[in-house]
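Trainee: Attaching a single structure in structure tokens format; questions to follow.
Where a number appears in this text, it was derived from the coordinates with a stated rule and is not lab data. Worth saying up front: this structure is predicted, and the values here are computed from it rather than measured. Virtual Cβ from ideal backbone geometry, glycine too; neighbours counted across all protein chains shown.
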Amino acid sequence: MTKYIHALTALEYLLDKAGENHWRDWLRQDIDLWKSKKDVSHHLSAYGGMGSFNDVWICVQNKHNVTKGQEPWVNNLFEILKGFCFRLAHEPEKDEVVKDVNSNRYFPIFSAFKKNLSKKGMDSAINQLSMATSQLHGWRCLKCGYGETKSYDIENYLAKVLLPQHLNNAKTEKELKALVDSAFTIEFDGIGETRNHTRQTIIDSGIKIVDREGWMRPCPECGSDNTAVYRWEFSKNNFNASKDNLPLKKNAA
Ligand SMILES: [Zn+2]
């Protein structure tokens, strides 16, 4: 069971560790306002509009206290906790039993869409987003079919898949803060095995792991410039091409 105040406190703790002082101070005010007046309006006013809380990205480039290796874990946990706080602010007294943190209930971004999207548009946006949460990203040569991904993208995939499970298990403020610490140290039970197994499955799926910077162009296999950003989904013990990719040319592997 997670209450609004627990999620707020964990989020404030994460922002403090990451050196995101502006929003940390904002969250401190939210905590004070909740404790003194049961007020959630200041917190909810953080979302929406340009330069809002939704636009914050915890990363090296934004000069936060994270390394490139920590980035996928800390930023993904930040995104999930933010969604929690947004959702729980609507029912702050309730103990939320979180069964599936990937549920659209926890996507703060939808507050911005609600006014502009039809029910159908909303459903398709939710489908897209939930698909994106379980995709492995990389590059593919559309001419010969050669595909590759890199360690950073694998960690991002692992963080998106594993963090929701850990968050489902963290019930108290103390456990939520411990989870924040784990995101910074990247120490989770069984992470080494899971990582090794995932990397092996990627290789077995015919995807190379190459830690290159920047674009994969030309293709290292056939030299073609016809390469594209590519996504795979895990199903039936394999990583398979997602439906939202550009098509391969005929006769490509
Ligand atoms: Zn190629």
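Trainee: Quick one: which residues, 5+ away or cross-chain, put their amide H under 5 Å from the amide H of GLN135? H built at 1.01 Å from N.
Mentor: none
Trainee: Then there is this: Give me, ordered by chain and number, the residues 5 or more places off ASP39 or on other chains with an amide H under 5 Å from its own placed amide H.
Mentor: HN-HN under 5 Å from ASP39: TRP34.
Trainee: Just list whichever of LYS82/LYS236; LYS38/LYS63; LYS17/LYS174; LYS63/LYS208 have alpha carbons separated by over 27 Å in the model shown.
Mentor: The pairs that break the limit, which is 27 Å between Cα atoms, are LYS82/LYS236; LYS38/LYS63; LYS63/LYS208.
Trainee: Students often check this: by mean Cβ neighbours within 10 Å, which of 238-249, 204-215, 222-233 ranks highest, and how do the rest follow?
Mentor: 222-233, 238-249, 204-215
Trainee: Still on this structure, I have one more. Given a Förster distance of 41 angstrom, what is the FRET efficiency for SER41 paired with ARG217, based on the Cβ-Cβ distance and rounded to 0.05?
Mentor: 0.25
Trainee: Still on this structure, please answer the following. Could you order peptides 36-45, 6-15, 163-172 by the average number of other Cβ atoms within 10 Å of their residues, highest first?
Mentor: 6-15, 163-172, 36-45
Trainee: Okay, next question. Just to be sure I understand the model, the point goes 7 Å from the Cα along the line to the Cβ. What's the resulting ASN240 to GLN165 distance in nm?
Mentor: Taking the two extended label points, one gets 2.1 nm.
Trainee: A further question on this structure: Points 7 angstrom from Cα along the Cβ direction at ILE203 and THR67: gap in nanometres?
Mentor: In this crude label model, ILE203 to THR67 measures out at 2.3 nm.
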